[in-house]
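Below: one structure, written as structure tokens.
Each reported figure results from applying straightforward, stated rules to the coordinates on display, with no laboratory input. All figures in this text were calculated on a predicted structure; none of them were measured in a lab. Here Cβ is always computed from backbone atoms with ideal geometry, including for glycine, and neighbour counts include all displayed protein chains.
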Amino acid sequence: MSTPLSTHLKRLEAESIHILREVASEFKNPVMLYSIGKDSSVMLHLAMKAFYPAKPPFPLLHVDTTWKFREMIRFRDETAKRLGVDLIVHVNEDGVRRGVSPVASGSNVHTQVMKTEGLRQALDKYGFDAAFGGARRDEEKSRAKERVFSFRSENHAWDPRNQRPELWSLYNTRIRPGESIRVFPLSNWTELDVWQYILAEDIPVVPLYFADVRPVVERDGALIMRDDERLPLNPDETPELRRVRFRTLGCYPLTGAIESDATSLEDIIAEMLASTTSERQGRLIDSDEAGSMEKKKREGYF
Amino acid sequence: MSQLFATAPSTAALADAVSRKTLLRFITCGSVDDGKSTLIGRLLYDTKLIFDDQLAAIEKDSKKYGTTGPGIDLALLVDGLEAEREQGITIDVAYRYFATDKRTFIVADTPGHEQYTRNMATGASTADLAVILIDARKGVLTQTRRHSFICSLLGIRHVVVAVNKIDLVGYSHVVFAEIEQAYREFAARLNFASITTIPMSALTGANVTAPSTDLPWYRGPTLLQHLEGVEVEADRRAQPMRFPVQWVNRPNLDFRGFAGTLASGQVRPGDEVTVAASGRSTRIARIVTMDGDLDLAEAGDSVTLTLEDEVDIARGDVLAPAASRPEVANQFAANIIWMEQEPLIPGRSYLLKLATRTTPATVTALKYKIDVNTLDQLAAKTLKLNEIAEVNVETSSALAFDPYAENRETGAFILIDRETNGTAAAGMVLHGLRRATNIHRHASTVDRAARSALKRQKPAVLWFTGLSASGKSTVANLVEQKLAVRGQHTMLLDGDNVRFGLNKDLGFTDADRVENVRRVGEVAKLFVESGTLVLCCFISPFEAERRMVRDLVGEGEFVEIFVDTPLETCIARDPKGLYRRALAGEIPNFTGVSSPYEAPKNAELVLRTADAPIDALADRVIDALIARGLIEN
């Protein structure tokens, strides 16, 4: 712990801890979706706090698309070891066999097969009845209307027109066998809250969030880091070394870097306050069509 | 006007500002036409919370869906779901976030139409303040009264009346003053601590975040200034301590902690606390957190407490000071808002969740419903979606609560439909009911075990359910004969027969059918207490009521027997000529014809009368009773 929390961060923290405990109390087999990013880091930190001195009574699940930055995978394994928590890694092997990749199949198919279908496979395989996700309502318009406890049918589908009313901090956790609930403890946090909390609580994050000299190519206005040899270069492309960092982390061929000199958490916060673009702008998968996130979520995307 | 985070401040200034920052949760009420979404879009836009890529997206959308002519339609920023954008309405509650250097804000943006009352109540439940929009051209309307009433009902104490579109009435002071007076006259009937009236134009931005030169007669704050400065923290810390236990933390044999969120008050190590339901007292030993033990925890903090003594405590218990405990009762009066398509039926069993406790509950009396537009009290037998009523609630076990007006955390509850698992109602406790505390069960010396031992049998309810003419009474009659031959003590309650006496005041509406089954269930329970095997033949079309009777008696004492005969066969049999008359429209609410039958999903026994002779079916019932150990072979 480094600095005392502001009133508003304390209230957000307490609300999230309440949500985490409520799930542990009322579900038989919960899991925490761990995507290695800053939001997951905060969510995991809150889980460590919620159940202290016990460990969180649920495992972490990472749906690995096999195209994450290598630094993310290293950070994931180190984090699980450092905190002594169970980590399940699931890969959609069927997708791998079919050769699905962001390069060969495009972002839509890759995301659908390796993320959405991979997630469904893992949830079915282990029979999880509740899954925590680090999504925030300020990220995207359709998320703004999603409940903290978001009901999913047996087919993992979300029906935005038929959501349960959610009042006070009284969460309806009742489900039938096969149905499940996605739970978003960070619903009321903003990107700024997340960074200020990481700063105040001294929470480790993947180094890719900090500026460094990295090999990138510019494609359709986005700076793509060539993390390994699998990303083919166009004839006219040569990776150039630029000082960049990432605001969000995903599959490396689908995640745009920004030019930045921010090497500390303080720098990141200052840079964000001056920024004129939203964090999801770096995500190439959201902008395919209007309402694209709502559509993906109805199909079971987190 | 406050300094916004338009440019990056120095790190030191940032850290300082951040540590003092407070949080305000508010709700905006009004319909599309009042400019509600435009107002929120304006707040986000003026506080620089709209990013370039989002702006580009809505510029594109403005051409497709926009309703404000050329230029950007700020409302599109907040209308998230595709259907809303297409229809130009706001269906669901959306939460929005923005910050200045003084406060961070969470805005619940809720729909204004009457059919979305439940969504508005949802947004209001977590809000400390309401911004109620009034179109300056229209003044105080029915919907203004409705929005204000719901906010007051949900315990919001501070209101801003935003008189919007003031530009369209020529920035008239007279119009503004008339609206303000009309609103204050009406709101005197409600429970608000403060009302602030502000003239503004969300479209032009006047008085939203910046004052306007077009309103020289107005000297008050802009909306944002008011939101930044208003004091809303009803001092939850000064109220008596309430700690609903959420999770028992037992990592090893040496540690036993009780985790939860402090609903009100403060707690320190050494404080004496009482478990509200059992009355057992002990002292707080430690307040445990990952950052080290605390000397003090306050309302809103999520902590883990350890106690000095080994006291039996589980999730759902409430810790409180011995001197000011919550009420503990199984009956209370409450206001409820109905939230499901399926109407409320008094007597039906629901699950009630209050703080961390979940227990079966029924609405025992519907005192009156409230017309949300006029606040008139109306007589009612059921409650439909979005209707509000005062009711009496009975829970199957006693629970600890406070009146909602005194404590939002320990006075609020939801009702959950046991069939669909949907959230059926939101409730606010008014007060405990005296009769619950003054009636105590009398324990008799000759108990049910003694009575059933005398009869050499275990008592049970054999519940025959099925369509009219399915053969329930025929099978049950034969089963009773066979039991009598075996020397068993039995009683048969028949649907038609009880309607000549016990239930002769009841008809066949859904509400009366529920009451019919409830009374029969209570009578069957009395026979079970006497050690008798009770055979009940009732159509009992609803799963919820069959479950209610099941819950009345003990585990293993309810045997549900579904007499499964196809409707066509029943119609063909028609021994009393009822189907003929029902199909001709002469009998309303006839099960299978004009009223639904919910077939049991988990009956202990299913008898298909089409497949086997009656005698064989009766023998199957006897075999089932032997298999369950209710009678001897």
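Considering only B:Pro326, B:Asn386, B:Ala263, and ranking their Cα positions along the charge dipole of the protein assembly as shown that arises from unit charges at the beta-carbon of Lys, Arg, Asp and Glu, the one farthest toward the positive end is B:Pro326. The mean count of C-beta atoms from other chains within 10 Å of the C-beta of residues in A:4-16, rounded to a whole number, is 5. Residue-wise HN-Hα couplings along region A:217-229, as the Karplus relation 6.51 cos²θ - 1.76 cosθ + 1.60 with θ = phi - 60° gives them from phi, are 10, 9, 10, 6, x, 9, 8, 9, 8, 8, 7, 7, 6 Hz; Gly and Pro carry x. Here the peptides A:79-90, A:191-202 are ranked by packing, the mean other Cβ count within 10 Å, and the order with the highest first is A:191-202, A:79-90. A Förster radius of 60 Å, combined with the Cβ-Cβ distance separating A:Phe210 from B:Asp293, puts the computed FRET efficiency at roughly 0.95. Mean partner shielding of peptide B:94-100, defined as the number of other chain Cβ atoms within 10 Å of each residue Cβ, is 5.
Which of B:Lys165/B:Lys384; B:Lys353/B:Lys504; A:Lys38/B:Lys102 have a Cα-Cα distance over 29 Å? Long pairs (Cα-Cα over 29 Å): B:Lys165/B:Lys384; B:Lys353/B:Lys504.
Here the 3J(HN,Hα) profile of region A:87-102, calculated from phi with Karplus coefficients 6.51, -1.76 and 1.60 at θ = phi - 60°, is 10, 9, 10, 10, 10, 6, 5, 4, x, 4, 4, 6, x, 5, 7, x Hz, Gly and Pro shown as x. Overall, chain B carries a charge dipole of about 1340 debye about its Cα centre when +1 sits on the Cβ of Lys and Arg and -1 on the Cβ of Asp and Glu, all other atoms neutral. Each helix, a run of at least 4 DSSP H residues, gives -39500 (n - 2.57); summed and divided by the residues of chain B, these come to -8000 deg cm²/dmol at 222 nm. Close amide H partners of B:Glu327, meaning residues 5 or more places away or on another chain with modelled amide H under 5 Å apart, are B:Phe401. Peptide B:300-310 is shielded by partner chain Cβ atoms: per residue, an average of 3 of them sit within 10 Å of its Cβ. Sorting B:Thr382, B:Thr445, B:Thr374 by the number of Cβ atoms found within 10 Å of their own Cβ, with the fewest placed first, yields B:Thr445, B:Thr374, B:Thr382.
For every helix of n ≥ 4 consecutive DSSP H residues, a contribution of -39,500 (n - 2.57) applies; sum these over chain A, divide by its total residues, and give [θ] at 222 nm rounded to the nearest 500 deg cm²/dmol.
Details: 9 runs with 99 residues, N = 302.
Helix contribution divided over all residues of chain A: -10000 deg cm²/dmol.
Think of each Lys and Arg Cβ as +1 and each Asp and Glu Cβ as -1; about the Cα centre, that makes the dipole of region B:236-320 roughly 280 debye. Rg then Dmax, both in Å and based on the Cα atoms of the protein assembly as shown: 31.0, 97.
Positive-end ranking of B:Ala449, B:Val593, B:Tyr95 along the dipole of the protein assembly as shown, with charges on Cβ about the Cα centre, is headed by B:Ala449. Working note: Karplus 6.51/-1.76/1.60 with θ = phi - 60° gives region A:9-22 the couplings 5, 4, 6, 5, 4, 5, 4, 5, 5, 4, 5, 4, 5, 4 Hz, where Gly and Pro are set to x. Amide H to amide H, with H built 1.01 Å from N, A:Ser35 comes under 5 Å of A:Ser40, counting only residues 5 or more places away or on other chains. Model label points for B:Thr509 and B:Arg256, set 7 angstrom from Cα along the Cα-to-Cβ axis, are 5.2 nm apart. Between the residues B:Ile626, B:Thr47, B:Ile336, the greatest Cα displacement towards the positive end of the dipole of the protein assembly as shown, with unit charges on the Cβ of Lys, Arg, Asp and Glu, is found for B:Ile626.
Extension gain for B:Ala616-B:Thr364 works out to 86.5 nm (0.36 nm per residue, less the C-alpha to C-alpha distance). Put simply, the amide H of B:Met241, placed in the peptide plane, has neighbours under 5 Å in B:Gln266, leaving out anything fewer than 5 places away on its chain.
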